[in-house]
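Okay, structure first, notes after.
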Amino acid sequence: MLAALAATLGVSAPLPALAAGEVNIYSYRQPFLIEPILEAFTKETGIQTNVIFAKKGLEARMKAEGENSPADLLLSVDIGKLNGAKLEGVAQPVKNAVLETNIPAQYRDVDGQWFGLTTRARVIYASKERVEQTSITYEELADPKWKGRICTRSGQHVYTIGLIASMIAHKGEEETKTWLEGVKANLARRPTGNDRAQVKSIYAGECDISLGNTYYMGQMQTNDKEPEQKDWAESVRILFPNSEDRGTHVNISGVLLAKYAPNKDNAIKLMEYLASDAAQHLYAEVNFEYPVLESVEPSKLVKSWGSFKADTISLNKIADARTKASELVDIVDFDAGPN
């Protein structure tokens, strides 16, 4: 009850007393996205799951708790937070045949301290009315033909930083800086809002293309509570950048084992389950994400957006470039918007 209340409020709360047959999860993933999977895990194994959800600060909390931390696992929505937790020293390495077999090498830490569970592509949402082309590259976003036509969220958001870091990994710092200046010059307005807000702006005619994660299309297309979002989604098509060369940038949701996990064996069982065929199917159907287990196909809705070639560069290299990516955002004053 206490964990559920904390999840509902989006704040931290003490976890229940530890007992046999439990695993304690600190999560950046919203509860509704993981509850079906955790319920299936409990049904199969009898192991209860306790979840604390927060939007920020979980690594700092784990570090402050030290050896007394009740956390067994950290679930995150971005490579930056996973690698950040590793650098904070709150993770421990896991060497496990199931994880290493089911999760491709580019989606797990070289030291075994974090593992990707799903991928999401950073794509271009393009107006069906005002954009005729059906292919694009990230490099092209700096082309003056897009001047006043691009919307995006903050350059310092973790999703944007991940893309910029991937550009650095491929192109180097100087070329990425020049590119980022070109994208800034092409913005229709100051970066603001989330990925869905950018599609709303396309629908309203404020811009013609935007950057966004793939799963937001699924969330909009199936949003019965706010049906206007279905109209936003209908106004755009997804373009997968660089599908004809290095591939589209992908980020991950993932998991790591806490350094002082009190229920280590149960936690590893859950990690194995999250990488299993059953959980990967649930991820695909419930969250509109791409499974990391290559034998599991995306959902029918996700398939309808088209196929693409994913960039196979190691996320370890992208993680290493994130600090420089953040610095470049400030250097070019990206979030100030177009001149």
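The values are calculated or read from the model by the stated rules, or taken from the named source; none is laboratory data. Small disclaimer: the values here were computed from a predicted structure and weren't measured. Every residue, glycine among them, receives a Cβ derived from its backbone with ideal geometry; neighbour counts consider all protein chains shown. To get the accessible areas, we keep the full protein, side chains included, count just its heavy atoms, and leave off ligands, DNA and RNA. Shrake-Rupley method; radii C 1.70, N 1.55, O 1.52, S 1.80 Å.
Along the stretch 216-232 the Karplus relation, 6.51 cos²θ - 1.76 cosθ + 1.60 evaluated at θ = phi - 60°, assigns HN-Hα couplings of 5, 4, x, 5, 6, 5, 10, 7, 7, 6, 10, x, 4, 5, 5, 5, 4 Hz to successive residues, with x for each Gly and Pro. Measuring with a 1.4 angstrom probe and ignoring ligands and nucleic acids, Glu181 comes out at about 80 Å² accessible.
Using a probe radius of 1.4 angstrom, the carbon and sulfur fraction of the accessible surface of the stretch 22-94 is 50%. Specify whether the C-alpha gyration tensor of the stretch 184-251 places it in the rounded, prolate or oblate class, a ≥ b ≥ c being the square roots of the eigenvalues: rounded for a/c under 1.5, otherwise prolate if a/b is larger than b/c and oblate if not. Oblate is the answer for the stretch 184-251, as a/c is 1.5 or above yet b/c matches or exceeds a/b. Based on the Cβ-Cβ distance of Glu244 and Lys300, what FRET efficiency does E = 1/(1 + (r/R0)^6) give at R0 = 30 Å, to the nearest 0.05? So, using R0 = 30 Å, E works out to roughly 0.75. Residues Asp195, Asp320 ordered from highest to lowest accessible area at a 1.4 Å probe: Asp320, Asp195. When the solvent-accessible area of the stretch 117-186 is split by element, carbon and sulfur atoms take up 48 percent of it, the probe being 1.4 Å. Positive end of the dipole of the chain (Cβ unit charges, origin at the Cα centre): among Val90, Ile168, Ile202, the Cα lying farthest that way belongs to Ile202.
Only helices enter this figure: runs of n ≥ 4 DSSP H residues, each worth -39500 (n - 2.57), summed and divided by the residues of the chain, yield -11500 deg cm²/dmol at 222 nm to the nearest 500.
The distance from the alpha carbon centre of the stretch 152-195 to that of the stretch 224-258 is 17 Å, rounded to a whole number. Accessible surface calculations at 1.4 Å, restricted to protein heavy atoms, place the chain at 43 Å² per residue.
Under the classification rounded if a/c is under 1.5, otherwise prolate if a/b is larger than b/c and oblate if not, where does the stretch 30-101 fall, given a ≥ b ≥ c as square roots of the Cα gyration tensor eigenvalues? The partial results should precede the final answer.
Values: a/c = 1.62, a/b = 1.33, b/c = 1.22.
Verdict is prolate for the stretch 30-101.
When the Gaussian network model of the chain links Cα atoms closer than 10 Å, the mean-square fluctuations of Asn24, Asn186, Asn96 top out at Asn96. Rg to Rh ratio, the stretch 70-183, alpha-carbon atoms and Kirkwood radius? Reported Rg/Rh, Kirkwood definition of Rh: 1.06. First select every other residue whose beta carbon is under 14 angstrom from the beta carbon of Thr152; then total the charges, Lys and Arg +1, Asp and Glu -1. Net charge in that neighbourhood comes out at +4. Using a ≥ b ≥ c from the Cα gyration tensor of the stretch 176-329 (square roots of the eigenvalues), is it rounded, prolate or oblate, where a/c under 1.5 gives rounded and otherwise the larger of a/b and b/c decides, a/b for prolate? Oblate.
Among Ala91, Ala126, Ala278, which one shows the highest mean-square fluctuation when the chain is modelled as a Gaussian network with alpha-carbon springs under 10 Å? Of Ala91, Ala126, Ala278, the Gaussian network model singles out Ala278 as fluctuating most.
For Lys225 and Arg189, compute 0.36 nm times the residue count separating them, minus their Cα-Cα distance, and round to one decimal in nm. Mind showing how you got there, number by number?
Details: separation 36, 0.36 × 36 = 12.96 nm, distance 2.84 nm.
Extending this stretch completely gives an extra 10.1 nm.
Straight-line cross-link partners of Lys269 among the aspartates and glutamates, defined as a Cα under 18 Å from its Cα and at least 8 positions apart when in the same chain: Glu22, Glu35, Glu39, Glu44, Asp72, Glu100, Asp277.
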